[in-house]
Structure formats: structure tokens, C-alpha cells
Amino acid sequence: MVEEEGRIASNCNEVFVWPHCDLTFINSLSARKSYFLPMDRSDVMRGAKAIITEVGELVGFTGRFFREAFRSRFEWRELVRQCYLNGYRSLPLVAITAFIMGLVLTVQSRPTLARFGAETMLPAMVAISVVREIAPVITALICAGKIGSSIGAELGSMKVTEQIDAMEVSGTNPFKFLVVTRIWSTILMLPLLVILADAIAIWACFIGVNMKGAVTWQLFQQQVFDSLVFSDVLPALIKSIFFGLAIGVVGCYKGYNTEKGTEGVGRSAHSAVVVASLVIFILDLVAVQVTEIMGLN
Amino acid sequence: MAELRGSAFKLGAFVLAGITVLVVGLYLLGSKRDLFSRTMDVQARFNEVSGLRVGNNVRYVGIDVGTVERITILSDTLVLVDMMIRLDAAEHIRSNAIARIASDGLMGNKLVSIEPGDGNGTPLTDDMELRTGKGLDTDAMLRSLGRSNDNVVVITEELRDLTERLNSEHGLIRMMSDSTLMNDVSLVVTEIRTAATNARLLTERTNTIIRDVQNGQGALGALIGDPVTDGQVRGLIANLRSVSDSLLFVSQRLGSFAADLDRPGGLTHTLTKDTTLTRDVKRVVAGLDTSSTLLNEDLRALQRNWFFRKYFKEKAKGKE
């Protein structure tokens, strides 16, 4: 937007002089110039470089987590607190979502299966869909929104208010106390949330099946467990561990590297959700390929 | 501190719930795959396994008794299938049982179906090889279905033609929708019904008459059934024959008489063919006519005669 100090382009074609402009305001606008002006090759290169740099820093941050994660001393109490906040407190949201997901999937799939006279395959179809893909991904996305933003905002606030610096000064390892505990909590809690989401969604499927039919619980669970195999459950659980790692790492990284005051806190929370969601989808894609290669599909 | 304990309790309950669900789920999955039950290994050799996979079910008389453990290709036409069968089910399976590749419904997974063989077999033992049979060939079914489908297409086209013809301008459907025709048909049907009723009544009457006749009732019955009447009728017929003979004789005599009349010189011949007689007769008739005229004149003269006048006057008065 700003070509030079005091000159503002309102769009690509029009340039006019703003004689009484505030320099701070113009500087803030200059940070957003790509929103208003068409990007040239240098902008693309800069963007690509920024993304690659961020990926590198994220990998470095993850490496630092793994170095610190298995080194004593553990902050057990903080870990339990974070597990409570990130796991138990997320359960209602995950449970409601899983219930609706199972019910809607059942109700929506019924007409199509009924067209082929395969309504009896409904429990098996929903169970496989939920266990293999839907429950892990949806739970991870919900947690990315709830936990990722929470971690990003909390650590970002601590960073901009210099509480993290204060912890370093007081001899506490802030990375171990703040980051490692949070990432461990997401790694541990996400598979549990996914398991419970699986169970709730299958129960909702049972309700959905009985809304327009009559299937006993015994027959329903037989149909469900006849259709499921270990290769459906285990890859999904392993996948959810990586989803938890991604949510924790991205949230902590964004919060731990917050800059530019209170505005940066909001940006960290926001970008933590966006980046974590993106990473979840990428990990899901990788997981599908890996299970395919391993012959588990 | 109390808050932390409360949180820890909730977290503990949450974690235990998750782990319990996981353990129960894995146990159920494992029990479906016979991981927690004692099993026996049996084998079967198939020419082809139609998409059978490791982990597919093994069924004995329709009950899941195990799973496919391994599939090994032995040669270009032989596949070895290792199956894991639960011991409690295996004790019911005999060595003469037959294994086939089957399908769980039309769209379901493939499975190995074991069926009891004929006769008595020995109990199944570990690593025993079962006999195999030809399973349901889905491709053959589909081919047959394809042929049926072709036939259905032909039948459908013919039905369509038939329907079009029925629905055409002079078709049956159009005729049925014509109210006049339908009224006529209705009338015809009514008349047919009436005729049928009459025919039924007639038949009943005829049956009654025939029955009466057979029972000797009525004139015809008496005529047919009564032996006395029969004799009388026979006599009557004999008399009729006699009368007939007499009539024949009379007619022959009359013919002879007529021939005599018509013979030249006979009365008829003379009257019809003799021209002299005709002329004479005409002359006589003319003479009679003249004589009659003269007689009339004489009579009128006589009436005026004083001697007979009184008589004719009295006669005239008597007529009045």
C-alpha cells in the first residue's frame, strides 16, 4: 500500500499524497501491503521463504520438545493439570460432535443403502467410517480449534507479558514446564478422546438405526465388531497420537514465539488453529498412504 | 489442593473410561478373530479362491467357527488355504466335510463354508486337510443374469409393441374408452344374459318334458310308454296302410276314367277338342237366346191378357 512515506495507493492504479499521515499507522499498513497490491515475484519468493523458515523453526521446535520430553525432571503436576484441561474439558464438545456425527451419518447413509437393499450393512459401514477416519479427524479438528487456540493464546499472553522471561530468570525451565507438559497432554489425551468419540458415534449409530428399524444391541454390536478388524483401529489410534503431537507442537510454537503485543496473541491463537488443522490433514493424507503401503487398508 | 484433587479424579475417570472402551473394543475384536480361544489348524486346497483374504470367516453349517489364517499359492492351479477353527466347533466337524468358497450375501465378503459330507468321518485333527467342492460361481450367475436380462429386453419390447397396438386408434383400449361401444357391449351382454336365462329355462322345461315322457306322463309319454296305446298305434298304422292302398286303387281307377274321358270320342275330348260340337252348341245357344226373347214377348202379351191379368196383379201385391 505504501510506496514511500506519505504516499498511499488506494488501489493499483491510483496513487495520492497523504500529507498528514501518522507514521505508525502507515507502518502498520505497510505490513499488509500484499492485501492491496498485486504480488510480484519477490513477494512470492518472500512468502515461500517465510513458510519454509516457519516449517524449519517448527521442526526445530519439535526436535527441542523430543530432547526435553524424555529428560528429567518431569513436571507431573502440570502435566496432570494440562491433561485435565485439554482432555477432560474437551470431552463434552467432542462427545456432542461425535454423537451428532454418528447419528447424521447413519440417517444420511440409510436411503442410499436401502436403494441397494443393504440396510443391514449400515452399522458396519458407519463403524468402519467412524473408526478409521471420521472420529480421528473430526476430534483432531475440534481439538485443534479448542486446545490449539487455547495453548497459543495462553503461551502468547505469557510471552508478551514477559512471564516466560521471568521464569527463565527464576531458574525454571519454561520450555519444560509450559511446552513439554502441554504437548504430552495433547499426545496422551487425543487418542482417549478419539476412542470415546468412536464409542459415542457408534452408540449414536445404534440410535439412528433404530429410528427407522428395530435392531437389538446384541445384533448391532455383532455387526459392528464383525466388520471391524485390528487394522481399522490401530492405525487410527496411531494417527490420533500424531494429531495430538501436531496440535500441541503448533499451539505451543505459535504461542511461544508470539510477538507484537496483544495483537500478536490473537494472531498466534488464530494461526495455531489454521496451521494445526492444515497439519492434521497433511498427516491424515500421509497416514492413508502409509497404511496403504503396509497393506492395512 | 482440593481443586487439584477434584481435577485429578475427573481426569482419572476420563482416562479409565477411555482405556476401558479401548480394552473392551480390542477384546471384542480379538474374540471375533479367535485370538482368545483355543483353536485348531486345518487346510484345504482350492483351484481358485475368488478373492478370499486372510481374516475372512470360516463357517460350518452357517455358523462362524474360525478365520482364514494364511493363503499360499502352490501352483498355477492350486491354492492352499490354512484355516483356524475353534476347538469347540472343530469337534463337530468330520474328516469327510467339504470346504467351499462362498460369499456372505451378494455383496458381502468371501468366506470358506464347510459342509458335512456323506457317511461317517473321523473327528477332525490338527493340520488335517479337508476335501473341497466347487463353490457358488458369481461370474456364472452374472452371465446367466445377463442372458435373462437380454430376454427381458426382448419381452419388454414386445410388450411395448402390444401396448402400442392396444392403445392405437382402433386398439382395444380406445374401443374400451368409447362410451357408445361400451353401452352397446353392455346391452349385448345384458341380452346374452337374458338369452342364457331363457336357454336355461328352456333346458329345464325340456328336461322336465323329457323326464315326464320317460315317466310315461302326458300324451307323448303315454304314446311312447303305454303298451296298450302302442298296440293301438300299430293297428292305426296298419289301417292307415290299408286306407292308403285303397286310395291308391281308387286313384288308379280315377286315372283310368280320366283317360277314357280324354280319349278321342270321349266326353271330355268331344267337349274340348270337337269343333263341330262347339259350333252346334253355339247355334243352339243362339237359338235358345232367340227363343227366350220370343218367349218373353209372349209372356208380356200373356200378362196383358184379361184372362191372366188378375193372376199377375195378385202376385205383384203378394211380393209387396
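Of all helices (runs of 4 or more DSSP H) completely enclosed by segment A:170-270, which ones contain at least 1 residues that are among the polar types (S, T, N, Q) and within 21 Å of B:L16 (Cα to Cα)?
So the answer is A:181-211, A:230-256.
Among the residues of segment B:158-165, are any touching a helix residue (DSSP H, G or I) at 6+ places or on another chain (Cβ under 9 Å), outside any helix (DSSP H, G or I) and more than 26 Å from B:E115 (Cα to Cα)?
Taking segment B:158-165 and keeping what is touching a helix residue (DSSP H, G or I) at 6+ places or on another chain (Cβ under 9 Å), we get B:163, B:165.
Okay, now just the ones that are also outside any helix (DSSP H, G or I), so none.
No.
Of the residues that sit in segment A:49-68 and are surrounded by fewer than 18 Cβ atoms within 10 Å (Cβ to Cβ) and touching a residue at least 24 places away in the same chain (Cβ under 8 Å), which one is nearest to A:L278 (Cα to Cα)?
Going through the qualifying residues, I end up with A:E57.
Just need a number here: residues in segment B:72-81 that are in contact with a strand residue (DSSP E or B) (Cβ under 8 Å, 6 or more places away or on another chain) and either closer than 15 Å to B:L130 by Cα or not in a strand (DSSP E or B) (or both).
4
Filter segment A:252-297 for residues that are among the small types (G, A, S), surrounded by fewer than 22 Cβ atoms within 10 Å (Cβ to Cβ) and over 20 Å from A:V137 (Cα atoms) and give the result.
A:G261, A:G264, A:G266, A:G295
Of the residues A:V104, A:V131, which single one is in a helix (DSSP H, G or I), surrounded by fewer than 23 Cβ atoms within 10 Å (Cβ to Cβ) and at pLDDT 90 or above?
When all the criteria are applied, what remains is A:V104.
Are any of the residues in segment A:68-78 outside the structural domain of A:G244 (by TED's automatic domain parsing), under 27 Å from A:G145 (Cα atoms), part of a helix (DSSP H, G or I) and of a type in the set (G, A, S)?
Among the residues of segment A:68-78, at least one is outside the structural domain of A:G244 (by TED's automatic domain parsing), under 27 Å from A:G145 (Cα atoms), part of a helix (DSSP H, G or I) and of a type in the set (G, A, S), which makes the answer yes.
Which one of these is away from chain A (no Cβ under 13 Å), within 30 Å of A:Q218 (Cβ to Cβ) and either in a helix (DSSP H, G or I) or not polar (S, T, N, Q) (or both): B:L22, B:L52, B:L28, B:L16?
Unique residue meeting the criteria: B:L52.
Within the set of pairs 6 or more residues apart or between chains, which connect a residue that is closer than 22 Å to B:Q217 by Cβ inside segment B:229-250 to a residue that is surrounded by 10 or more Cβ atoms within 10 Å (Cβ to Cβ) with Cβ atoms less than 6 Å apart?
Going by the 6 Å Cβ cut-off, the qualifying pairs are B:T229/B:A222; B:T229/B:L223.
Do we have A:V137 as away from chain B (no Cβ under 14 Å) and either surrounded by 13 or more Cβ atoms within 10 Å (Cβ to Cβ) or in contact with a strand residue (DSSP E or B) (Cβ under 6 Å, 6 or more places away or on another chain) (or both) here?
yes
What number goes with the only condition from (1) in contact with a Gly (Cβ under 8 Å, 6 or more places away or on another chain); (2) surrounded by fewer than 21 Cβ atoms within 10 Å (Cβ to Cβ) that A:Q218 does not pass?
(1)
Is one or more of the residues making up segment B:36-43 over 57 Å from the mean Cα position of the chain (by Cα), at the interface with another protein chain (Cβ under 10 Å from one of its Cβ atoms) and not in a strand (DSSP E or B)?
no
Just to confirm my filter: which helices (runs of 4 or more DSSP H) fall fully inside segment B:254-320 and include at least 2 residues that are modelled with pLDDT of 85 or more, of a type in the set (D, E) and within 60 Å of the chain's Cα centre (by Cα)?
Qualifying helices (runs of 4 or more DSSP H): none found.
Filter segment A:69-99 down to the residues that are modelled with pLDDT of 90 or more, away from chain B (no Cβ under 13 Å) and surrounded by fewer than 14 Cβ atoms within 10 Å (Cβ to Cβ) and list them by number.
Passing the criteria: only A:I96.
Please specify each residue of segment A:140-164 satisfying the condition of being surrounded by fewer than 19 Cβ atoms within 10 Å (Cβ to Cβ), of a type in the set (S, T, Y) and not in a loop (DSSP other than H, G, I, E, B).
Across segment A:140-164, the qualifying residue is only A:S157.
Can B:L11 be described as surrounded by 14 or more Cβ atoms within 10 Å (Cβ to Cβ), closer than 30 Å to A:L85 by Cβ and not aromatic (F, W, Y)?
In short, yes.
Identify, please: which residue in segment B:55-67 is assigned to a loop (DSSP other than H, G, I, E, B) and of a type in the set (G, A, S) and is, among those, nearest to B:L124 (Cα to Cα)?
That would be B:G62.
Tell me, please, whether a residue that is in contact with an Asp or Glu (Cβ under 6 Å, 6 or more places away or on another chain), in the same structural domain as B:V58 (by TED's automatic domain parsing) and in a strand (DSSP E or B) can be found in segment B:117-125.
no
What is the one condition in (1) closer than 27 Å to A:L278 by Cα; (2) small (G, A, S); (3) within 14 Å of chain B (Cβ to nearest Cβ) that A:A118 does not satisfy?
Looking at each condition in turn, A:A118 falls short on (1).
Could you please let me know if B:G55 is surrounded by fewer than 17 Cβ atoms within 10 Å (Cβ to Cβ) and within 30 Å of A:N86 (Cβ to Cβ)?
Here the answer is no, as B:G55 does not meet what is asked.
For A:I200, indicate whether it is within 26 Å of B:V23 (Cα to Cα) and either surrounded by fewer than 19 Cβ atoms within 10 Å (Cβ to Cβ) or at pLDDT below 90 (or both).
Against the criterion (within 26 Å of B:V23 (Cα to Cα) and either surrounded by fewer than 19 Cβ atoms within 10 Å (Cβ to Cβ) or at pLDDT below 90 (or both)), A:I200 does not qualify.
The values are calculated or read from the model by the stated rules, or taken from the named source; none is laboratory data. What you see is a predicted model; the values in this text were computed from it and never measured. With ideal geometry, Cβ positions are generated from the backbone for all residues, glycine too; neighbour counts draw on all protein chains shown.
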